[in-house]
Amino acid sequence: FELARLLHEVGSDPLRVRRLLADATEELHDRADLRAWAMVILGIPTSPEVSLAEHREWLQRALQVVHVLDDPVFEVFLLGKVAMVFTPIGDPQWRSLAERIEERTQGSPTHRQEVNAFWSVGLEACCAGHHETAGRLLTAGLNGALAGENKRVELSIRAALALLDFCRGRWDGLETTSRTLIDELAEHPRARIDAEIVAACLALARGDIDAANEMLEGAVDRCLELGGFDVFPIPVASLIRLARARGAMEVASTTAKRFLSVVESKGLWAPDVRTLPYLTEAFVAAGRAGDARDLVTRWSHGLKDLDAPIAAAALGYARGFVL
């Protein structure tokens with residue numbers, strides 16, 4: 001279990017991590033806390049080879065074990081991790097779990113694991129478009145990290161808040177903030193990628209095309225290496241926009257196909273729908289209008305009845321390219 005946890009933290013060999021964790025769940029009968037934690041990690045979509053159904057099964061098993069734990073702080077931590085996965089797949093269960101987390105802590109996390117829960121759910125809420133909730137959770141998490149003098153968690157939450165500010169269009173001073181965070185999080189790639197995405201997207205926004213292209217390609221590659229499928233759609237959308245603006249239709253189409261080959265099996269509909277208009281535009285521009293229509297239809301069905309606040313706008317935008 002400990003080896004798997006360390007490998008997971010540094011983003012190394014996801015399939016080996018899964019094998020180690022699955023073995024651990026069969027051996028940790030006298031440690032319900034670690035057994036539940038192993039199940040939660042197995043429920044986090046970090047490998048394209050594993051189906052969403054398998055992830056869901058592990059999370060439901062984890063929730064059954066969480067209910068019997070006698071450690072309220074660790075319970076909050078694990079509930080945060082489960083909600084973290086339910087949010088991007090559009091499962092409304094994330095809301096009740098987030099409410100339980102806030103109730104257990106009275107909205108003010110103090111322990112490091114409680115702060116981690118606020119960070120985990122807040123970041124996913126940001127990616128899925130629940131910006132108000134994300135702001136509340138991340139701000140409370142940051143206050144808890146500051147009170148506990150935990151510099152690493154503090155910086156990680158600041159990176160998530162930078163991503164939220166980018167998504168909300170609050171860009172004043174954000175370039176400087178993101179670059180500072182990139183330097184300060186050099187040893188923590190999973191948190192650093194949030195700041196890298198912000199810096200890359202801002203480079204595109206200010207018209208620094210060559211730098212934006214290099215930074216966006218790097219961010220996309222690191223998202224794949226680290227299993228960061230929640231934030232993956234943001235740099236992909238910008239990279240496709242950049243390729244289209246340059247008239248590089250083949251690059252735009254190839255990027256779109258690469259993205260779809262990774263994400264459609266994961267079912268992370270809530271954040272992925274950010275890319276739909278740009279995927280559709282890229283296919284139409286490449287003379288693949290039929291594929292574009294099929295994509296919009298397929299995603300419309302996939303998003304039906306999900307808790308995905310960006311979906312209505314993204315679907316409407318995408319349909320405009322195929323009417």
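The values are calculated or read from the model by the stated rules, or taken from the named source; none is laboratory data. Computed from a predicted model, the values in this text were never measured in an experiment. Counting neighbours? That spans all protein chains shown, and the Cβs are built from the backbone with ideal geometry, glycine included. Quick note on the areas: whole protein, heavy atoms, side chains included, nothing else; ligands and nucleic acids left out. Shrake-Rupley method; radii C 1.70, N 1.55, O 1.52, S 1.80 Å.
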Requested in this report: Go through region 92-134 and count every residue that is open to solvent by 20 Å² or more (accessible area, probe 1.4 Å) and of a type in the set (G, A, S).
Outcome: 3
Query raised in the report: What about T297, is it at pLDDT 95 or above and part of a helix (DSSP H, G or I)?
Result: yes
Query raised in the report: What single numbered condition from (1) of a type outside the set (A, V, I, L, M, F, W, C); (2) under 20 Å from L303 (Cα atoms); (3) part of a helix (DSSP H, G or I); (4) modelled with pLDDT under 95 fails to hold for R104?
Result: (2)
Query raised in the report: Yes or no: G141 touching a residue at least 12 places away in the same chain (Cβ under 8 Å), crowded, with 24+ Cβ neighbours inside 10 Å and more than 16 Å from the chain's Cα centre (by Cα)?
Result: yes
Query raised in the report: Looking at P189, P233, which is the one that is in contact (Cβ under 8 Å) with a residue 12 or more places away in the chain and surrounded by fewer than 19 Cβ atoms within 10 Å (Cβ to Cβ)?
Result: P189
**Report entry** Criterion (open to solvent by less than 50 Å² (accessible area, probe 1.4 Å) and either free of Cβ contacts under 8 Å to residues at least 12 places away in the same chain or within 24 Å of the chain's Cα centre (by Cα) (or both)) met by exactly one of A318, A312, A289, A285
**Finding:** A318
Query raised in the report: Taking into account only those residues within region 238-282 that are among the small types (G, A, S) and under 23 Å from the mean Cα position of the chain (by Cα), which is most open to solvent (accessible area, probe 1.4 Å)?
Result: S261
Query raised in the report: Within region 51-91, how many residues turn out to be free of Cβ contacts under 8 Å to residues at least 40 places away in the same chain, over 20 Å from R31 (Cα atoms) and open to solvent by less than 10 Å² (accessible area, probe 1.4 Å)?
Result: 2
Query raised in the report: From the list W119, W94, which one is within 18 Å of F166 (Cβ to Cβ), in a helix (DSSP H, G or I), at pLDDT 95 or above and of a type in the set (F, W, Y)?
Result: W119
Query raised in the report: Out of region 59-111, which residues are in contact with a Pro (Cβ under 9 Å, 6 or more places away or on another chain) and basic (K, R)?
Result: R104
Report summary line: Of L181, L216, L163, the only residue that is open to solvent by less than 10 Å² (accessible area, probe 1.4 Å), in contact with a Lys or Arg (Cβ under 7 Å, 6 or more places away or on another chain) and in contact (Cβ under 8 Å) with a residue 12 or more places away in the chain is L181
Query raised in the report: Which is assigned to a helix (DSSP H, G or I) and open to solvent by 60 Å² or more (accessible area, probe 1.4 Å), of R152, R170?
Result: R152
